[in-house]
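One structure below.
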Amino acid sequence: MVTYILKIITFLIVMSLLYSCTKEKTYNEPVIEIYSPNLEQEYLLPNSININCNIEHNKPIEYVRLSVDNKNMISISQQLFLSPSSNYLTIDTNLTIKILSNEAMQPPYFVHIVVGDLIEDNHYYREIVLHNGQKSLKGYFLITNQGVNMLNIRYYNSLFQTEYNFEAVGNYNASGISTNSSSLFVSSSTPDRTIAYNSVDGNISWTKNPQLPYPRFNNIAVDNNRVYISTEIGRIIGLDNRDGTQVFSTPVLPDSVPNNICLTKDYLVSDFTVRNSNSKFWTVFYKQTGYKYRVVDTNFETVDLYANINENRVIAFCNTNSNGRIITYDITNNNIEETIIIDNISIDNSCKIDNNNYLFSSNNFLFHADIYNKTSIKIASADDNIIDLKFNYINNQIILVYSSKVEILSYPQLTIVKTINSNYLMEEIELLYGYNK
């Protein structure tokens, strides 16, 4: 009897398995027809990708998500979410993609469409080809002191023609420029604030007010999507350079003030001064989180900090008493690798040509520094003190700023290309780059 019952149970189990294997699956995936973009369609960035498709499903569609992703499935565009009211949806929209950073530039690239129903998410991909456009110099922002508590900001195009100028209330502290958002950032005191100006017309895009009890903004650094500002309160903040939303902050270091900022592959580095003793040190923060990583004691005044974005090394232009120093600092190993000492010369300003070559000025003298060979030589002298200098790496030109004029020189020939005179006292010049489609 027991054997008979076991046979019955075995028969029922086998029949159940056979039935489940032969039963027709009732769940169907959505049907999607993509009209745009075409397969492997090429785009030159920055650009907008038109997505035109129809989606039909036999289940309720909970949501649709659109994005453009690189090979690691990291979105390089904004993500667009749609909530259809039926099982059928026609999409005709655009996703904007800016110039890709080295980290994001990882082909192949895909238009990624996700259709979510109440059971699962369904993924569809359409491969496209993306290239960064050719970079070019678009123009110059010349910031001058127009009078008591008043700045004048004038924009020249690449042909040195004035396109517009405007006044800004305040005393100049620092400035920076963004290619991605095509914006000029200016920090001032009295009033203490940072303003982002749209480079197309000079109109204000956003304003950032400081934090008490030490409201001053000190310096500015810009990367692909953020503008970083050092503040007298003792921290560095990072803002979305398009709308000014704060997305990053280092902890407040008590009784100390950050000044210069540079960004390496993994870290943010700034030189700090102790508020009451004038002691100086460098602080290294994690670039993604803002958490403090390391403090390095120093005995010198830091003029400028530079970094190769793909490495964790810093080139620092500094002064000790009357001697200039150019220091290579390895963050990972906490090691000062090389030092170039410039006897009896104090560094006033500097600029970067490439990862190995730099320019710096002292009074009215211009010098070239070779980091690899640990050398520095004087290459030019001027009639007036140099108060700022920049390097136009697109056209190989040096921009020298004096108290009442700007000289643009070819490099390495050092012949004058253009002179711009001003009736106001010079503060700073910023170079605006852009991409040609």
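What follows draws every value from the coordinates through simple rules; no lab data is involved. In this text the structure is predicted, and so the values were computed from the model without any measurement. Here the Cβ positions follow ideal geometry from the backbone for every residue, glycine too, while neighbour counts run over all protein chains shown.
Which listed residue (Gln211, Gly434, Val252) has the Cα farthest towards the positive end of the charge dipole for the chain, taking +1 on Lys and Arg C-beta and -1 on Asp and Glu C-beta about the Cα centre?
Val252
Any idea what the dipole of the chain comes to, in debye rounded to 20, about its Cα centre with Lys/Arg Cβ at +1 and Asp/Glu Cβ at -1?
Roughly 420 debye, rounded to the nearest 20.
Using modelled amide H (1.01 Å from N, peptide plane; none on Pro or chain starts), what sits under 5 Å from the amide H of Tyr402, excluding residues fewer than 5 places away?
Ile387, Glu407
Decide, for region 305-437, between rounded, prolate and oblate: order the square roots of the alpha carbon gyration tensor eigenvalues as a ≥ b ≥ c, take rounded if a/c falls under 1.5, and otherwise choose prolate if a/b is larger than b/c, else oblate.
Here region 305-437 falls in the oblate category.
Please compare each pair in Lys390/Lys418; Lys98/Lys265; Lys208/Lys292; Lys98/Lys418 to a cut-off of 26 Å on the Cα-Cα distance and tell me which ones are over it.
Result: Lys98/Lys418 exceed 26 Å.
Between region 195-238 and region 251-266, what's the alpha-carbon centroid distance in Å?
Using only Cα atoms to place each centre, the spacing works out to 14 Å.
Place the peptides 257-269, 213-225 in order of packing, highest mean first, counting for every residue the other Cβ atoms within 10 Å and averaging per peptide.
257-269, 213-225
Taking 7 Å along the Cα-to-C-beta vector as the label spot, tell me the Asp330-Thr207 distance in nanometres, rounded to one decimal.
So the label points at Asp330 and Thr207 sit 4.9 nm apart.
Helix 2-22 sits at what angle to the longest principal axis of the chain, using alpha carbons and giving 0 to 90 degrees rounded to 10?
The helix 2-22 is inclined about 50 degrees to the chain.
Going by a ≥ b ≥ c, the root eigenvalues of the Cα gyration tensor, does region 112-238 fall in the rounded group (a/c under 1.5), the prolate group (a/b larger than b/c) or the oblate group?
Verdict is oblate for region 112-238.
For the chain, what does -39500 (n - 2.57) per DSSP helix run (n ≥ 4), summed and divided by total residues, give at 222 nm, in deg cm²/dmol to the nearest 500?
Per the formula, -1500 deg cm²/dmol.
Test of understanding: what is the full-extension gain from Lys135 to Gln78, defined as 0.36 nm times their sequence separation minus their Cα-Cα distance?
Roughly 18.2 nm would be gained on extension.
Straight-line reach from Lys71: which aspartates and glutamates fall under 12 Å, measuring Cα to Cα and dropping same-chain residues less than 8 apart?
Within the straight-line limit of under 12 Å, Lys71 reaches these aspartates and glutamates: Glu103, Glu127.
What order do you get for Ser181, Ser362, Ser86 when you list them from fewest to most C-beta neighbours inside 10 Å?
Result, fewest neighbours first: Ser86, Ser362, Ser181.
With the cut-off at 1.5 for a/c, could you classify region 76-168 from its C-alpha gyration tensor as rounded, prolate or oblate?
Prolate, since a/c reaches 1.5 and a/b exceeds b/c.
Computed from these coordinates, which is Rg/Rh (Cα atoms, Kirkwood Rh): [x] 1.07; [y] 1.19; [z] 1.14?
Among [x] 1.07; [y] 1.19; [z] 1.14, the one derived from this structure is [z].
What area, in nm² and to one decimal, does the C-alpha convex hull of region 50-110 cast on average over all directions?
Here the figure is 4.6 nm², rounded to one decimal.
What ratio of Cα Rg to 2.2 N^0.38 Å holds for region 31-132?
Normalised Cα radius of gyration, region 31-132: 1.07.
Spin-label point model (7 Å from Cα, Cβ direction): what's the Val200 to Ser86 distance in nm?
Taking the simple label geometry, Val200 and Ser86 are separated by 3.6 nm.
What percent do you get for the relative contact order of region 93-218 when only Cα pairs under 8 Å and 6+ apart count?
13
Take the alpha carbon atoms of region 348-414, find their center, do the same for region 168-182, and report the distance between the two centers in whole angstrom.
22
Over the chain, what is the mean sequence separation of C-alpha contacts under 8 Å (at least six apart), divided by residue count, expressed as relative contact order in percent?
Reported relative contact order: 10 percent.
Report the paramagnetic label zone for Asn321: residues of region 289-303 whose backbone N is under 16 Å from a point 7 Å from Cα along the Cα-to-Cβ axis.
Taking a point 7 Å out along Cα→Cβ of Asn321, the residues of region 289-303 whose backbone N falls under 16 Å are 299-301.
Stretched out fully, how many nm does the piece from Thr289 to Leu159 gain, at 0.36 nm a residue minus the Cα gap?
Additional length available on full extension: 42.6 nm.
For Gln246 and Asn102, what is the calculated FRET efficiency with R₀ set at 22 Å and r taken between the beta-carbons, to the nearest 0.05?
Rounded to the nearest 0.05, the efficiency is 0.30.
Considering only DSSP beta bridges where both residues belong to the chain, give the percentage that are antiparallel (nearest 5).
Antiparallel bridges make up about 95 percent of those DSSP assigns within the chain.
Take the chain, connect every pair of alpha-carbon atoms lying under 10 Å apart with a spring to form a Gaussian network, then pick out the residue of Leu305, Leu184, Leu159 with the largest mean-square fluctuation.
So, out of Leu305, Leu184, Leu159, the one fluctuating most is Leu159.
What list do you get for Leu359, Leu89, Leu400 if you sort them by fewest beta carbons within 10 Å?
Leu89, Leu359, Leu400
Which parts of region 100-115 would a label at Ile309 reach, counting a residue when its backbone N lies under 12 Å from a point 7 Å out along Cα-to-Cβ?
Within reach of a label on Ile309: 100-105.
Report the extension gain between Asn423 and Lys405 in nm, rounded to one decimal, defined as 0.36 nm multiplied by the number of residues separating them, less their alpha carbon distance.
5.6 nm
Express the relative contact order of region 31-132 as a whole percentage, based on alpha carbon pairs under 8 Å and six or more residues apart in sequence.
Computed over region 31-132, the figure is 36 percent.
Please give the FRET efficiency for Ser48 paired with Tyr124, using the beta carbon to beta carbon distance and R0 = 30 Å, rounded to the nearest 0.05.
The pair Ser48/Tyr124 has a calculated efficiency of 0.90.
Could you work out how far the C-alpha centroid of region 300-318 sits from that of region 81-138, in angstrom?
37
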